[in-house]
Amino acid sequence: MKTKGCLYGVSLGPGDPGLITRRAWACLQRDAVWTYPKRNKKSDSYALDIALRAGLELPAEHQPLIFPMTHDESKLAKHWLAAAQTVLEYLQQGKDVMFLVEGDASTYSTFGHLARTVQGLDEDITLEIIAGVPSFHAAAARIQTPLSDVDDTIAIIPAGYGIAMIEKLLNDFDTLVLLKVKPLLDDIIDLLDKKNILPYATFIEKAGAPEERVVNNIASLKAEKVNYLSLLLIKNPDRIRGEMIRGCRKKVNHDTSTTNIKEKTA
């Protein structure tokens, strides 16, 4: 006899209902409780909206979970705990819980925080993650630009790591994906202009959603308030690369006359 339910992280892709996988679709046909993230009680859930636009019906048992947009650790901890306790109550009743996730549940997702908190309260709770399409894959497909080709290297980070880190990664990688660029967009534009790679950057907002926006001339976004769900795909055509040796790049340090082998990032 089943005593506890399973917590599912159901990835729905970045916004286009057509990118929901068959596995996620089948999972959401099951008799289960739906939970979904909201920033506050009055806001809508973007993840839920993707499911509803796909034609899926909201089940009788469903529960929004509040995850505020704040860096206040005490407030975050309070809401994480409240969300986990809500989910755990359903699970301990033997009900499966589906947590709807925009993009992919394993990539910068609230599901990871929720799952860890739930299992911290009850280590016997089982988890299952349904893989999905991340926003940067949908964005690259939308603008018909490969993220990598042959032995190209890629870095994917939230823009919140700061301008110094972004500049370092631009020197070290062929493609840089910056997520959640809203707070630093003007500074990023200035950096790309300084490095003469503005023409090689594309801005994508709400990839795959009806409100999707693609901007190639990103300098035009200066001083504009953009959506939280936005990213930049940046190519660095002038990055200095070493000689290829058995799938790795050999990078020569001319200052020390030593040779370092840099493994390919895939």
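The values are calculated or read from the model by the stated rules, or taken from the named source; none is laboratory data. Because the structure is predicted, anything quoted here is derived from the model rather than measured. We place every Cβ from the backbone using ideal geometry, glycine too, and count neighbours over all the protein chains shown.
Quick notes on this one:
Results for (1) modelled with pLDDT under 95; (2) under 30 Å from His62 (Cα atoms); (3) in contact with a Leu (Cβ under 7 Å, 6 or more places away or on another chain), shown as yes or no for each residue.
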residue: Glu102; (1), (2), (3): no, yes, yes
residue: Asn171; (1), (2), (3): yes, no, no
residue: Leu176; (1), (2), (3): no, no, yes
residue: Pro183; (1), (2), (3): yes, no, no
residue: Leu192; (1), (2), (3): no, no, yes
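- Count of residues meeting criterion [part of a helix (DSSP H, G or I) and among the hydroxyl-bearing types (Ser, Thr, Tyr)] in region 63-114: 4
- Only listed residue being surrounded by fewer than 19 Cβ atoms within 10 Å (Cβ to Cβ) and more than 22 Å from Gly13 (Cβ to Cβ), chosen from Ala223, Ala201: Ala223
- Which listed residue is on the phi > 0 side of the Ramachandran plot and among the polar types (S, T, N, Q), from Gln93, Gln85, Gln144: Gln144
- Only one entry in Ile204, Ile143, Ile218, Ile157 is touching a Ser or Thr at 6+ places or on another chain (Cβ under 6 Å), of a type outside the set (Lys, Arg) and under 27 Å from Leu19 (Cα atoms), namely Ile143.
- Any hit, region 31-39, residues being surrounded by fewer than 17 Cβ atoms within 10 Å (Cβ to Cβ) and farther than 18 Å from Leu229 by Cβ: yes
- The listed residue being under 20 Å from Asp31 (Cβ atoms) and either polar (S, T, N, Q) or surrounded by 14 or more Cβ atoms within 10 Å (Cβ to Cβ) (or both), out of Leu114, Leu48: Leu48
- Residue count for region 193-244 satisfying the condition of being closer than 19 Å to His137 by Cβ and of a type in the set (Gly, Ala, Ser): 5.
- Taken over region 1-30, the criterion of being buried (at least 20 other Cβ atoms within 10 Å of the Cβ), under 16 Å from Tyr90 (Cα atoms) and of a type outside the set (Gly, Ala, Ser) is satisfied by Leu7, Tyr8.
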